[in-house]
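A short reminder: the numbers here are calculations on the coordinates, not readings from a lab. These numbers come from a predicted model, not from an experiment. Reconstructed Cβ throughout: ideal geometry from the backbone, glycine too, with neighbour counts over all protein chains shown.
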Amino acid sequence: TGKLAYDQVPLVEIDGLNLVQVQPTAGYLAQRYGLCPSDAAKAYEAKAIWASADDARGPMLSFPFHGDLEKTREDLAGPQALLGRYATRWQATLERSGGPYLLGAEPSMADVGVWEALDFYRDIFGHAAFAAAFAGFPKMLAHYEQVLSLGRLREWRDTGRAAVFLPDWAVYAEAVRATLYS
């Protein structure tokens, strides 16, 4: 259909644009919705944290295509992974910032990116496994709940997402393959 400029998903259609490529899309949405700080140093910090969340969710991106929960869990628990590297640093950032957000009193794209990585974990492994995995990161768990209070995010997570996304990971993987290789 010509919408995927680089033959990649996801595609976000907004403001008459077809946004692809994750980082520029996140930057556009952050700027449009007031989640990119105007101060250059704070904007850099927000973007760096967002990029770390993008890196942290890497093993989860491949999960739908191999379906191996145990492999994904192990990949996320390693010393250079979500639980071993990133959650520790995000917890420390929240402690320094005075919260409730990663940069302090105001939400930014950093908060949304970290929330998305944690929510991806929760979506794959379930609420109980999510709570257990992040039990050692109480500020991260509080942050997850705090970010859910932004806009309609809680409603999206609890009901809206199910209406738009495919019902299981194997069906999702097949739809992605069909989109990219048809």
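Points to keep in mind about this one:
- Hits among aspartates and glutamates - C-alpha to C-alpha of LYS139 under 13 Å, sequence gap 8 or more where chains match: GLU95, ASP111
- Value at 222 nm in deg cm²/dmol, rounded to 500, when DSSP H runs of n ≥ 4 in the chain each add -39,500 (n - 2.57): -18000 deg cm²/dmol
- Shown here for the stretch 18-58: chymotrypsin sites (Phe, Trp or Tyr not before Pro) in loop regions (DSSP other than H, G, I, E, B) with at most 13 other Cβ atoms within 10 Å, namely TYR33.
- Test item: Cα-centred dipole of the stretch 38-168, Lys/Arg +1 and Asp/Glu -1 on Cβ, debye: 200 debye
- Leading residue at positive end of dipole, the stretch 21-86 (Cβ point charges), from GLY58, VAL22, LEU83: VAL22
- Kirkwood estimate for the stretch 4-108, i.e. one over the average of 1/r between Cα atoms, Å: 15.5 Å
- The alpha carbon convex hull volume per residue for the chain rounds to 129 Å³.
- The amide H of ALA81, built 1.01 Å from its N in the peptide plane, has TYR86 as neighbours under 5 Å, considering only residues 5 or more places off or on other chains.
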